[in-house]
1. Going by accessible area, probe 1.4 Å, with all protein chains left in place, what is the ranking of 23, 120, largest first?
2. Straight-line reach from residue 184: which aspartates and glutamates fall under 16 Å, measuring Cα to Cα and dropping same-chain residues less than 8 apart?
3. If you take the charge dipole of segment 1-50 about its Cα centre, with +1 on Lys and Arg Cβ and -1 on Asp and Glu Cβ, which of 7, 44, 19 is farthest toward its positive end?
4. I'd like the accessible area for residue 249: 1.4 Å probe, protein heavy atoms, all chains in place, Å² to the nearest 10.
5. I'd like the GluC sites (Glu not before Pro) in segment 1-98 restricted to DSSP loop residues with at most 16 other Cβ atoms within 10 Å, sorted by number.
6. Output the relative contact order of the chain, whole-number percent, from Cα pairs under 8 angstrom with separation of 6+ residues.
7. What residue among 26, 173, 67 has the largest mean-square fluctuation in a Gaussian network model of the chain, using Cα springs under 10 Å?
8. At a threshold of 8 angstrom on Cα-Cα distance, excluding pairs fewer than six apart, so keeping six or more, what relative contact order does segment 2-112 reach in percent?
Amino acid sequence: MRFQSFASGSSGNCAYVGSDTTHLLMDAGISRKRTADSLRELGLELRDLDGIFITHEHSDHTSGLWMIAKNTQMPIYATQGTIDAIRSNPKSEVIDPSRYIAVRPNEKVIVKDLTIDPMHISHDAADPVGYRVMYGKKKACICTDLGCYNEYTVECLKDSDVVLLEANHDVNMLQVGPYPYRLKQRILGKYGHLSNDSSGDLLSRILNGHMKGIFLGHLSKENNYPELAYETVRLELIGREERTGYRTDELPLHVASRRNASLAVEW
């Protein structure tokens, strides 16, 4: 199984998850060219993809969808609420409606030798989800754009080999920053985005001994820094080492870049 984040942040989100025979795109928030270039680094072309799974309709997750869809015939998977929101965009006229396949949280979808299990997330979109992708006992999870989490979230993410988890903002930077009050409240609310501290807390609850990659993603350009997100989460984990039983300096912890592809993980 293989995972790589092509871009993660408020300016665009796109990741690859695949096996030797099945290749999936998770969101399409960067240009067709950037997506194709990133795929070529993995030895793949757009025509090799078996489908695109969209987490929700916001532009940083869909801005490249139209051109990618125009140049391919692969199916597009999303919840019905997300599909309806995407189709309300005039650009969607280039996509034949028959290419959309509706998914539901906690109802598994099989694409060749991969099993995809959508999960509920708390975000201000039509019907947003995260995705768990399984190949046998191997598991990769994409879980960004959530304002809060609960025991359900923890259970969904447990036993992951690779996880892309949101660490969107530093709370202090957001509070003293230039954003208008209503936007700050939206981001801090339960339908907004996960802070660095909350990301560290959630991560501490899903650690296991077979993790191959932990990627902090969807960092805010205005309210975070990669080094700050990494260090905040690292300190959160250090403070919980006695409870978790895992040494923080031995964990495969990385920050997914807003502009560039991350480390590719194969296992």
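1. Details: 23 20, 120 95 Å².
Descending order: 120, 23.
2. Output for residue 184: 124, 145, 170, 222.
3. Value computed over the given set: 7.
4. 110 Å²
5. Details: sites: 41, 45, 57, 93; in loops: 45, 57.
Answer in residue order: 45.
6. Values: 602 pairs, mean separation 51.6, N = 267.
With pairs under 8 Å counted, the relative contact order is 19 percent.
7. Comparing 26, 173, 67 in a Gaussian network model of the chain, the most mobile one is 173.
8. Details: 190 pairs, mean separation 24.3, N = 111.
Relative CO of segment 2-112 lands at 22 percent.
The values are calculated or read from the model by the stated rules, or taken from the named source; none is laboratory data. All figures in this text were calculated on a predicted structure; none of them were measured in a lab. We place every Cβ from the backbone using ideal geometry, glycine too, and count neighbours over all the protein chains shown. Ligands, DNA and RNA are stripped out before the accessible areas are found, and what is left, the full protein with its side chains, is counted by its heavy atoms. Shrake-Rupley method; radii C 1.70, N 1.55, O 1.52, S 1.80 Å.
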